[in-house]
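Student: There's a structure below that I have some questions on.
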Amino acid sequence: MRRYCAANRLNRFGTLTYRGEGVHDPTQVRRDVAGFFRSLRSALGGRPLPYVWVPEWHKTDHGLHLHFALGQYVNYRLIRATWGHGFSSIKRLCDLPVGATSLHEARQAAGYLAKYVTKSFGADESSRALRLHRYDVAQGYQPRALRFRGRWSGEVLSSANAVMRARPAQSWSSAEVEDWQGPPAVWFRWD
């Protein structure tokens, strides 16, 4: 999801909620959000529209709400009218240091959304909800795979840093695991 947000410059972060008692059925929420994005795409002229969305349970017993990211300006009134189920909000993520680009903004949106994806479902939630995807994206906008080759991990990391235009925010190496049984492995995450 992080790569998807960055590749498509999804730098506008929004929230969709339900009025009244809310909706507690994860399948219904997915139908509603699919209809929302179909209608929004149609209202914007029918052109394909990259997006990502993540459901989240309210802290209270209000059911589910949704967080989403887009990569283009969409008038708030259009989002509100298209959603129609309750409250909606959207904002461009621009509270970054001077010189930040849309890529930096998209990475920030991805960070927010990743926080919601990593939240686990509680034991009191339906088993059906546990089998559903934790997020969804518009089809046809998948980032292409990049492969880096080198004689050692530092060489590969240097190439990846050049593409990402940053150093990784987190890293892990199998060398850090005392009883590692597999081949050498490294992992990096960029914000």
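What follows is calculated from the coordinates using simple rules that are stated; it is not laboratory data. The structure presented is a predicted model; accordingly, all values stated were derived computationally and were not measured. Methodologically, a virtual Cβ is constructed for each residue, glycine included, from the backbone with ideal geometry; neighbour enumeration extends over all protein chains shown.
Student: Quick check on packing: order 57-64, 81-88 by the mean number of other C-beta atoms within 10 Å, highest mean leading.
Tutor: In descending order of packing, they fall as 81-88, 57-64.
Student: Counting other beta carbons within 10 Å of each residue's own, what order do Arg189, Arg80, Arg144 fall into, fewest first?
Tutor: Arg144, Arg189, Arg80
Student: While we're on this one: Just from its helices, what would the mean residue ellipticity at 222 nm be for the chain, if runs of 4 or more DSSP H residues each count -39500 (n - 2.57) and the sum is divided by every residue, rounded to the nearest 500 deg cm²/dmol?
Tutor: That calculation yields -10500 deg cm²/dmol at 222 nm.
Student: Once you keep just the Cα pairs under 8 angstrom separated by 6 or more residues, what percentage relative contact order results for the chain?
Tutor: Reported relative contact order: 27 percent.
Student: Give me the dipole magnitude in Debye, nearest 20, for the chain about the Cα centre, with unit charges on the beta carbon: positive for Lys and Arg, negative for Asp and Glu.
Tutor: The dipole magnitude comes to about 920 debye.
Student: The chain: longest stretch without exposed GluC sites (Glu not before Pro) (DSSP loop, at most 16 other Cβ within 10 Å), sites themselves excluded?
Tutor: Counting at most 16 other Cβ atoms within 10 Å as exposed, the longest clean stretch of the chain is 22-124.
Student: Which value results when the Cα radius of gyration for the chain is divided by 2.2 N^0.38 Å?
Tutor: Ratio of Rg to 2.2 N^0.38 Å for the chain: 1.18.
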